[in-house]
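The values are calculated or read from the model by the stated rules, or taken from the named source; none is laboratory data. What you see is a predicted model, and the numbers here were worked out from it, not measured in a lab. So basically every Cβ, Gly included, is an ideal-geometry build from the backbone, and we count neighbours across all protein chains shown. Heads up: the accessible areas ignore ligands, DNA and RNA and are worked out on the full protein's heavy atoms, side chains in. Shrake-Rupley method; radii C 1.70, N 1.55, O 1.52, S 1.80 Å.
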Amino acid sequence: MNVETPAHLLDDDITPAEKMFIRNNGLIPENIDAGKWTLSIEGEAVKKAMSLTLAQLKKQFKPYTYQLVLECGGNGRAGFNPPTRGNQWSYGAVSCAQWTGARLKDILDFVGIKPGAEYIGYYGKDTHISGDLSKVVISRGVPIRKALEDQTLVAWQMNGKDIPLVHGFPLRLVIGGWPASVSGKWLHKIAVRDKVHDGAKMKPPSYAVPIHPVAPGETVDPGKMRIIEAMPVKSLITYPKSGGILRKRKTLDIRGHAWAGDRSISKMEISIDFGATWQICQLDPAVNFLAWQHWSAHLTFPGSGYYEVWAKATDSAGISQPVSIPNWNPQGYLNNSCHRIAIKVA
Ligand SMILES: Nc1nc2c(c(=O)[nH]1)N[C@H]1C(S)=C(S)[C@@H](COP(=O)(O)O)O[C@H]1N2
Ligand SMILES: [Mo]
């Protein structure tokens with residue numbers, strides 16, 4: 001089941017469950033008994049493998065709550081030409097809900113990891129679409145430095161309630177700022193690896209892009225690809241909806257969100273003349289590291305007619321969103337070009 005959210009429905013500061021995109025590579029697990037749920041920590045780089053019940057996790061570890069951006073690596077794929085295979089997401093495969101759970105770093109501290117720990121990989125309880133129970137749907141992960149970040153959570157709540165089934169009930173790994181495919185749903189096992197995790201969909205071309213830029217449509221050897229880490233700077237106009245008509249007025253209050261992988265947003269700009277001139281927007285700080293930032297602007301249109309409003313974010317390293325679609329790649333990842341809406345002044 002794959003569902004995306006139209007940009008104007010992503011207007012909430014905290015994405016509610018009913019407006020959150022859904023990306024399931026396999027089949028949602030059935031008959032979950034949260035009372036019997038366990039998380040095992042295994043792999044070459046743990047001192048001693050251990051299994052913890054969900055109840056133990058909740059009792060043993062201090063809970064933290066963070067708002068975290070989860071964006072599918074393929075969000076924006078529909079913009080690429082020639083088209084690439086995969087879900088044809090436009091802008092809406094992104095969310096920023098509030099997640100509550102234990103820090104993975106506290107859990108790994110408790111279990112004990114070896115100095116050679118390099119990567120972690122998750123395993124979820126979803127099943128392969130083929131019905132073959134021996135096949136793993138997806139098992140991705142992150143380097144240990146990202147895994148040990150304060151905001152990396154083993155979460156049991158979303159927006160203050162049990163995580164909805166489609167989003168990973170009863171337990172989910174949540175890692176903000178990186179492709180959402182590293183945030184494993186229905187989490188029941190974490191492997192601490194002494195090498196890059198080699199689970200399902202870890203190997204290029206999955207969630208990987210060419211090391212050197214390629215021409216649109218080019219064939220790329222997976223050996224010449226790198227695994228996507230932090231997502232690039234991006235923003236959305238969430239109010240108003242594209243296609244709005246202004247009657248008897250030439251002004252408009254506009255707003256949205258911006259985010260930038262492991263970085264923050266330093267500047268937000270808007271253009272009503274196809275990028276010829278830009279107006280600086282009001283930009284709020286993030287509620288916490290790896291949450292999106294809200295922006296707003298008051299626009300005055302010069303006269304009646306058809307306009308496009310373009311939004312452009314710049315991150316703390318000075319890198320901006322491109323106005324046209326960047327870096328065609330075989331799997332259609334990382335299209336972070338400017339979001340634009342149409343407005344008519346009647
Ligand atoms: N177990 C499991 N975890 C998963 C997936 C999956 O198919 N199975 N899909 C991943 C991908 S590709 C994305 S984009 C996000 C989507 O999260 P959401 O459905 O909660 O929005 O979950 C990730 N975690
Ligand atoms: Mo994804």
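Some observations on this one:
- Count of segment 124-142 residues, restricted to those that are over 19 Å from VAL69 (Cβ atoms) and in contact with a Phe, Trp or Tyr (Cβ under 9 Å, 6 or more places away or on another chain), is 6.
- Remark: SER139 matches the filter, which requires a residue to be hydroxyl-bearing (Ser, Thr, Tyr), more than 16 Å from LEU290 (Cβ to Cβ), within 14 Å of ligand 1 (Cβ to nearest atom) and in contact with a strand residue (DSSP E or B) (Cβ under 9 Å, 6 or more places away or on another chain).
- Some residue of segment 84-94 being open to solvent by less than 10 Å² (accessible area, probe 1.4 Å), within 19 Å of LEU153 (Cα to Cα) and either of a type outside the set (Gly, Ala, Ser) or out of contact with any helix residue (DSSP H, G or I) (no Cβ under 8 Å at 6 or more places or on another chain) (or both): yes
- Subset tally (residues that are open to solvent by 40 Å² or more (accessible area, probe 1.4 Å), more than 22 Å from the chain's Cα centre (by Cα) and more than 15 Å from GLY141 (Cα to Cα)) for segment 187-240: 11
- GLY92 being out of contact with any Phe, Trp or Tyr (no Cβ under 7 Å at 6 or more places or on another chain), part of a loop (DSSP other than H, G, I, E, B) and in contact (Cβ under 8 Å) with a residue 40 or more places away in the chain: no
- When the strands (runs of 3 or more DSSP E) confined to segment 225-329 are screened for residues that are in contact with a His (Cβ under 8 Å, 6 or more places away or on another chain), those reaching at least 2 such residues are found at 234-239, 251-259, 293-300, 305-315.
- Tally of residues being within 8 Å of ligand 1 (Cβ to nearest atom) and part of a strand (DSSP E or B) across segment 174-201: 2
- Only one entry in VAL154, VAL209 is assigned to a strand (DSSP E or B) and within 16 Å of ligand 2 (Cβ to nearest atom), namely VAL209.
- For the condition within 16 Å of ligand 2 (Cβ to nearest atom) and either under 23 Å from PRO164 (Cα atoms) or crowded, with 16+ Cβ neighbours inside 10 Å (or both), GLY101 does not qualify.
- Segment 1-58, subset among the small types (Gly, Ala, Ser) and part of a helix (DSSP H, G or I), residue surrounded by the fewest Cβ atoms within 10 Å (Cβ to Cβ): GLY35
- Pair list, Cβ under 8 Å, 6 or more apart: segment 14-37 residue in the same structural domain as GLY74 (by TED's automatic domain parsing), other residue open to solvent by less than 70 Å² (accessible area, probe 1.4 Å) and acidic (Asp, Glu): LYS19/ASP12; PHE21/GLU4; ASN24/ASP126; ASN25/ASP126; GLY26/ASP126; LEU27/ASP126; ILE28/ASP126; PRO29/ASP126
- Boolean, LYS241 is in the same structural domain as ASN329 (by TED's automatic domain parsing) and among the basic types (Lys, Arg): yes
- When the residues of segment 104-149 are filtered to those that are assigned to a helix (DSSP H, G or I) and either at positive phi or of a type in the set (Asp, Glu) (or both), the one that is most open to solvent (accessible area, probe 1.4 Å) is ASP109.
- Some residue of segment 59-71 being within 16 Å of the chain's Cα centre (by Cα), within 14 Å of ligand 1 (Cβ to nearest atom) and not aliphatic (A, V, I, L, M): yes
- Scoring PHE21 on the criteria (1) touching an Asp or Glu at 6+ places or on another chain (Cβ under 7 Å); (2) more than 16 Å from ligand 1 (Cβ to nearest atom) leaves a single failure, condition (2).
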